[in-house]
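**Student:** Have a look at this one.
The values are calculated or read from the model by the stated rules, or taken from the named source; none is laboratory data. Given the structure is predicted, the values throughout are model-derived calculations rather than measurements. Heads up, the Cβs are rebuilt from the backbone with ideal geometry, glycines too, and the neighbour counts pull from every protein chain shown.
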Amino acid sequence: MSQDKSNAVLSNSFVDLMTSLAVIFILLLCVSLNNVQEERQTTRNSVLAEMQSALKEFTAGGIEVKTDPKDPLGLLVLVPEDLLAFKLDRADISPAGDVFLRAFVPKLSTVVCSPKFSKEVNSIIVEGHTDSSGTDRHNWDLSQKRSMSVVRASLDILDDGGMREEKAAFLQLLSATGRGSAEPVKDTSGMENPSVSRRVIFKLRFRSIEQMPVLETVRTLRG
C-alpha cells in the first residue's frame, strides 16, 4: 500500500512539474511573440520617418504620411484628388496627374523597395475614394477605375525610368480597390468635406508574425 502511495506521489509530482514547465514555456513564447510584434511596429515607424522625409516636398500639396489607426502594422500615404487632377466622372490620368505621379512614384518606390525595407512590406493597396454625390454603384465603379489607373500609371513610370527592380517589386505588392463614398472625410461639425473625401490612399501593410516564413520566425524568437 505504501508503495502505491509513493508511486501516486511521484506521478502527481511529475504531472505538476510538466504543467509548470508548460506554463513557463507558454509565458516565454508570449513574451517572445510580443517582442517580435514590437519589432514589426518599430520597422513600420522607421519606414514612416523615411517616407515622410522622402515625400516632404509634396506635403505643401496635401500629401500626408501617417500610421493607420485601424492597423498597428499599417502605413497610409494620402493623396488628395487635386494632385491627381481627375476630370469629373473620368478615371484616366490627366497631364497634371501624370506630372505629379512621375515625381511622386519614384520617391515612394525608393523607400519601399530599398534593401532595408523591401522584405518587410507585405502589400501596397491603392485605394480610391469619392464623395457622396452620385449613386453608390457609380461611386464604387469610379473609385475602382481611378485606383486601377494609378496602379497602371505607377508601373509605367517605373518602367520608363528604368527602375526595373522597383517595378518588379511593385508588381508583387501592388493591388487596387475602390471604396466609393463608404469612408467620407468629415469636418469638425460632422459634415462631409467633399473635396477631401475625393482621394487616393496608398496603404502599406508590413508583415505580421503569421506572414513570416517559419524558419525566419524561429530565428527571430531565438534572438
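**Student:** Would you call S181 touching a Pro at 6+ places or on another chain (Cβ under 7 Å), crowded, with 18+ Cβ neighbours inside 10 Å, small (G, A, S) and under 22 Å from D92 (Cα atoms)?
**Tutor:** It is false that S181 is touching a Pro at 6+ places or on another chain (Cβ under 7 Å), crowded, with 18+ Cβ neighbours inside 10 Å, small (G, A, S) and under 22 Å from D92 (Cα atoms).
**Student:** I've got another one for you. Just need a number here: residues in region 41-91 that are in contact with a strand residue (DSSP E or B) (Cβ under 7 Å, 6 or more places away or on another chain), of a type in the set (V, I, T) and free of Cβ contacts under 8 Å to residues at least 60 places away in the same chain.
**Tutor:** The number of residues fulfilling the criteria is 3.
**Student:** Can you tell me which of (1) out of contact with any helix residue (DSSP H, G or I) (no Cβ under 7 Å at 6 or more places or on another chain); (2) on the phi < 0 side of the Ramachandran plot; (3) modelled with pLDDT of 85 or more is the one S181 doesn't meet?
**Tutor:** Condition not satisfied by S181: (1).
**Student:** Follow-up question, since we're still on this one. Of everything in region 60-90 that's closer than 26 Å to F206 by Cα and of a type in the set (G, A, S), which residue is farthest from the chain's Cα centre (by Cα)?
**Tutor:** Checked region 60-90; the qualifying residue farthest from the chain's Cα centre (by Cα) is G62.
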